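Each remark here refers to the structure printed beneath this line.
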Amino acid sequence: MKVMRVVRTLVSTNRIESFGHRPLLVVQDKPGGPLSVAVDAVGCRPGDWVLCVGSSAAREAAGSKDFPSDLTIVGIVDYWEEK
């Protein structure tokens with residue numbers, strides 16, 4: 001699991017069918033760090049600190065082992081001191 005921050009939403013209207021209508025968000029693990037795209041399984045907003053899982057856990061958290069995701073948001077952090 002990783003603690004990351006939601007940077008912004010990502011709009012992608014042209015997707016493969018198995019992606020469905022799940023929201024996509026741009027996340028970052030540290031300021032100035034690389035950006036990643038995550039499937040939002042819990043309803044986050046830009047600025048939220050979130051818990052993300054990757055690999056097979058990301059696919060299961062998004063709804064299916066066959067789901068095409070390698071990063072899924074599974075929780076919103078209530079309190080986090082940024083260092």
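The values are calculated or read from the model by the stated rules, or taken from the named source; none is laboratory data. All of these numbers come straight from a predicted model, not from anything done at the bench. We place every Cβ from the backbone using ideal geometry, glycine too, and count neighbours over all the protein chains shown.
Do any strands (runs of 3 or more DSSP E) lying entirely in the range 1-57 carry at least 1 residues that are without any contact (Cβ under 8 Å) to a residue 24 or more places away in the chain and surrounded by 11 or more Cβ atoms within 10 Å (Cβ to Cβ), and which ones are they?
Working: elements: 2-10, 24-28, 35-40, 49-54.
It comes to 24-28.
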Open item on the list: If I filter the range 64-83 for residues that are acidic (Asp, Glu), modelled with pLDDT under 90, within 11 Å of the chain's Cα centre (by Cα) and outside any helix (DSSP H, G or I), do I get at least one hit?
Closed with: yes
